[in-house]
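The values are calculated or read from the model by the stated rules, or taken from the named source; none is laboratory data. Bear in mind that the values here come from a model prediction, so they are computed numbers and not experimental data. Cβ coordinates were reconstructed from backbone atoms using ideal geometry, including for glycine residues, and neighbour counts include every protein chain displayed.
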Amino acid sequence: MPAPVTPPSDAHDFPDTQGKLPAALLMAGSCLPVLGAVLLAPVLPRMQEHFEGVAGSEALVPLVLTVPALSLALLAPFAGVVVDRLGRKRLLIVATVLYALLGTVPLWVDSLYGILASRVLVGVAEAAIMTACTTLIGDYYTGRVRDRYLALQTMCASASATVFFVLGGALGGAGWQAPFWMYGIGLLLAPAMARVLPAPLASSAMEIEPNASTADKRPFPIRRMAGLCLLTAFGAVIFYTVPVEMSFLLDGLGVDSTGGIGAVTAVASAATVLGSVLFTRLTGRPRHHLPIVFLLCAAGFLLMAMSDSLPLLIVGAVVNCVGTGLLLPSLLTLAMSRLDFADRGRGTGLWTSAFFLGEFACPLILLGGKEALGDLSSAVGALGLATLLLAGAPLLLAHRTPAAAPLHHVPEQP
């Protein structure tokens, strides 16, 4: 077995013979799970009309939009295990092809139950894609280069959500099935991934402890990830509150035009992208600035809760979304810094699962808060107070979590 090789602290882990194309493909792959979450939203009413004769369609049609996220959340840890066992690149290519084939099922199947079954399987493919893309970013890059690409991943996902929403509405004019053609993009990405994505080299392969014979026997560092996953689940609730609830908050202020709602949502989305850009300019370790990020998110929530006018609500949303744009890459880079190669797939799977479980729970938590406190603004204010109290958690997590062992590298097995 080759001798351990210490990686560079802020450089690519593989020869940059393909320029920026590998990173671009990983960014594109990371946007695929976002596509399904927003592309279909504009055509749900038409889909509801088409299947109005099916028993329970009022509840089943919205599940077409949401069930892949739940499936992703539940299966991402298992995808992480497969990533570590089967190999990152191989799983990504297979999952991208399956994503395209399963995502276009509604074009050929006119059964609501059959479509729902295919959507569950789309979530399985999305879990593999998201886990593999994030893991490969962790494999290919180190130091600040890795941090910048993880922030770029967040920026691409946020920006693509707005683009896909507009695109879904445009395609929906041709019928409720038309947006499903977009899933075919996976058949274009998969061959490019197979050709362009590099295989791990000696300096970017399996990170193990110095004694390689005992590395496979050591347990997965669950204690190192447990607190961070809980923090990530709560962070996802913070992240999705504005996108999920903004239209209802605007309605409470008397703003009910779709154009106005769309404009405010676009401003908030731009603020999230701005936060991700600011993250790339930060120095120091993520856990050091996480408390300030939580404080920023909390301030935005509290402004939104107190708002009695549209300008104040927009200011609160922008402040919060700048914070969430900083929050997501901070949590993700913190997770990556605590995982070596042998554990990175499983660790990324757990992190992804925690994040999407938080996404799924977000509207339920706010609904419960609304029922308990009387209105949505009060529920958002309570979430702001909880975020304020949680601002000290990253420091506690850093204090109680043992530092990761020094990382060493050997080639990944083909």
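Assess whether I185 counts as being under 25 Å from V61 (Cβ atoms), in the same structural domain as R119 (by TED's automatic domain parsing) and buried (at least 22 other Cβ atoms within 10 Å of the Cβ). Considered against the rule, which asks whether it is under 25 Å from V61 (Cβ atoms), in the same structural domain as R119 (by TED's automatic domain parsing) and buried (at least 22 other Cβ atoms within 10 Å of the Cβ), I185 comes out as no. The selection criterion, being charged (D, E, K, R) and outside any helix (DSSP H, G or I), does not hold for D343. Counting only helices (runs of 4 or more DSSP H) wholly contained in region 40-133, the ones carrying 1 or more residues that are under 22 Å from A233 (Cβ atoms), modelled with pLDDT under 80 and within 18 Å of the chain's Cα centre (by Cα) occupy 57-86. The sole residue among S111, S57, S71 that is over 25 Å from A192 (Cβ atoms) and buried (at least 17 other Cβ atoms within 10 Å of the Cβ) is S71. Condition check: within 18 Å of L357 (Cβ to Cβ), touching a residue at least 12 places away in the same chain (Cβ under 8 Å) and buried (at least 20 other Cβ atoms within 10 Å of the Cβ). Does S30 satisfy that? Answer is no for this residue.
If only one of T214, T265, T232, T283 is at pLDDT 75 or above and either among the β-branched types (V, I, T) or not in a loop (DSSP other than H, G, I, E, B) (or both), which one is it? Answer to the check: T232. Please determine whether any residue of region 392-412 is within 28 Å of G300 (Cβ to Cβ), assigned to a helix (DSSP H, G or I) and at pLDDT 85 or above. Scanning region 392-412, I find no residue that is within 28 Å of G300 (Cβ to Cβ), assigned to a helix (DSSP H, G or I) and at pLDDT 85 or above, so the answer is no. A single member of A174, A205 is modelled with pLDDT under 85, closer than 16 Å to R88 by Cα and over 24 Å from the mean Cα position of the chain (by Cα), and it is A205. Taking the conditions exactly as written (surrounded by fewer than 22 Cβ atoms within 10 Å (Cβ to Cβ) and of a type in the set (G, A, S)), does A117 satisfy them or not? The answer is yes for A117. Screening region 138-160 for residues that are surrounded by fewer than 24 Cβ atoms within 10 Å (Cβ to Cβ) and among the aliphatic types (A, V, I, L, M) and picking the one that is nearest to A95 (Cα to Cα) gives A157.
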